[in-house]
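The values are calculated or read from the model by the stated rules, or taken from the named source; none is laboratory data. This one's a predicted model, so the numbers in the text were calculated from it and none came from an experiment. Cβ sites come from the backbone with ideal geometry, for glycine too, and all protein chains shown count toward neighbours.
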């Protein structure tokens, strides 16, 4: 059947189907990570972003287009993680701006929505790079505009858009040499196409979503929003009660079959009957089926359905609100300090270093677990200060932090664009409590340019990058410019990495060893490095970080 317009209910169905398809394929998307490090997380970030919105969208019953667009936009915006997740949230935000106020989506409205989505996403990225998710999104939008001139139904239009989008995706290695060398397409672009493919399948009925969205399908940061409260222990979501006014034969055998049916669709069953009425109580995901079965025996009265999942959420949210109100009340009793600090970090040792430098709140996360915009907002809310400086300490978290700064209304939020842990430490050391916020921002941003960062990890697959042949299990030394050293001797890799990082002004080398490195081995490494670079002052610290054996800071 040809579909000429998309109403809110159909869009809701398509969006949830798209989210599911992206979530199902997140591991494949992760594997497209260019660098063979054990932290490829594009798929996980995009999945967590889209599922944050999908949970809100799936909770709507018979939504209007405005309600739907608001939930898609706000859910993805606050749930956005990593650069890919933030860009995806901006694409959705732009699209929702275009459809807001519309009763239905026509082919021309869809094309306009795609165009606005791309414009919004490009504006959100300071230095847009072609060969990425942005390129794929732009290709999809251009094709939609081209086809909108023709008289097409959505089934035909959608398939042509998907075909074109996949062709653009295949061309991303020609635009980014690093993709071509690694033999992969852009992972963010792949994620976008997985979402669009799922949405098309939902739109055309090729995929039916029978269960509500309840999970993000991947590891989450420590802080969870109220929308992510676990209700998975509630197997059947609706407490259903009604009375049957008997009009047909109803005996023990019929009652046994009635109970058997109700048990097949739920639990917590209570059925009490006399000669004239039957009183029913059951927990089920399908109250309508229980009602329909009851109508076989007579008319219904005193019908009542309660959403137990929502009641559970409300109780937990109420408790969270009560605690938050108590914290805020306590905070009011203390005057706000002029400056506060939030930093992203992982590893007990690194966390302690940041706390010693005055950080008020640590967001547990980093390269392997990018916190969401909501996580950053939550951390900011816990700092009793007029101005809060945020240190993302990872290039994949900066966009989410900036997004949080734009949303926060009560405090001035300044994001210092630290891309590494060493940059975050250097920035904090340079902070001057007697200076203004603006002066400190300038000083800290200047400080991060004076530190060089490196890290040592292992390869998770065979590949070739920057002319280096890398085998699974090899140690890799990576600095701000890329992979600088590869080998099977970790000490030699560290020394080679330092050689690539060092210049004539380098004096102080700080080595933060990870959770997989024993102190004895770290000390032995320091001795070897000191012997190789006798002019450096070398110091070691227990960082406790996962994945990376060593993080290096050279100043």
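Quick look at the values:
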{"quantity": "Matching residues in segment 246-262 - criterion: being in contact with a helix residue (DSSP H, G or I) (Cβ under 9 Å, 6 or more places away or on another chain) and part of a helix (DSSP H, G or I)", "calculated": "258, 261, 262"}
{"quantity": "Conditions (1) crowded, with 21+ Cβ neighbours inside 10 Å; (2) touching a helix residue (DSSP H, G or I) at 6+ places or on another chain (Cβ under 7 Å): number failed by residue 431", "calculated": "(1)"}
{"quantity": "Residues (buried (at least 18 other Cβ atoms within 10 Å of the Cβ) and either under 21 Å from residue 167 (Cα atoms) or more than 19 Å from the chain's Cα centre (by Cα) (or both)) located in segment 122-138", "calculated": "131, 132, 133, 134, 135, 136, 137, 138"}
{"quantity": "Residue satisfying condition, being under 20 Å from the mean Cα position of the chain (by Cα) and either part of a helix (DSSP H, G or I) or touching a residue at least 60 places away in the same chain (Cβ under 8 Å) (or both), within set 78, 116", "calculated": "78"}
{"quantity": "Residue count, segment 403-416 (criterion: within 17 Å of residue 444 (Cα to Cα) and surrounded by 20 or more Cβ atoms within 10 Å (Cβ to Cβ))", "calculated": "3"}
{"quantity": "Residue ranges of strands (runs of 3 or more DSSP E) in segment 436-555 with at least 3 members within 24 Å of residue 182 (Cβ to Cβ)", "calculated": "452-458, 463-465, 468-470, 475-479, 482-487"}
{"quantity": "Residue check for residue 2: part of a helix (DSSP H, G or I) and closer than 30 Å to residue 153 by Cβ", "calculated": "no"}
{"quantity": "Selection count where residues are under 30 Å from the mean Cα position of the chain (by Cα), outside any helix (DSSP H, G or I) and within 16 Å of residue 340 (Cα to Cα), scope segment 418-435", "calculated": "0"}
{"quantity": "Which listed residue, of 188, 183, is closer than 30 Å to residue 460 by Cα, within 24 Å of the chain's Cα centre (by Cα) and in the same structural domain as residue 25 (by TED's automatic domain parsing)", "calculated": "188"}
{"quantity": "Residue match in segment 86-95 (condition: over 26 Å from residue 7 (Cα atoms) and modelled with pLDDT under 95)", "calculated": "yes"}
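Results for (1) modelled with pLDDT of 90 or more; (2) within 25 Å of residue 347 (Cα to Cα); (3) not assigned by TED's automatic domain parsing to the domain that holds residue 184, shown as yes or no for each residue.
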site	(1), (2), (3)
469	no, no, yes
474	yes, yes, yes
487	yes, no, yes
495	yes, yes, yes
504	no, no, yes
513	yes, yes, yes
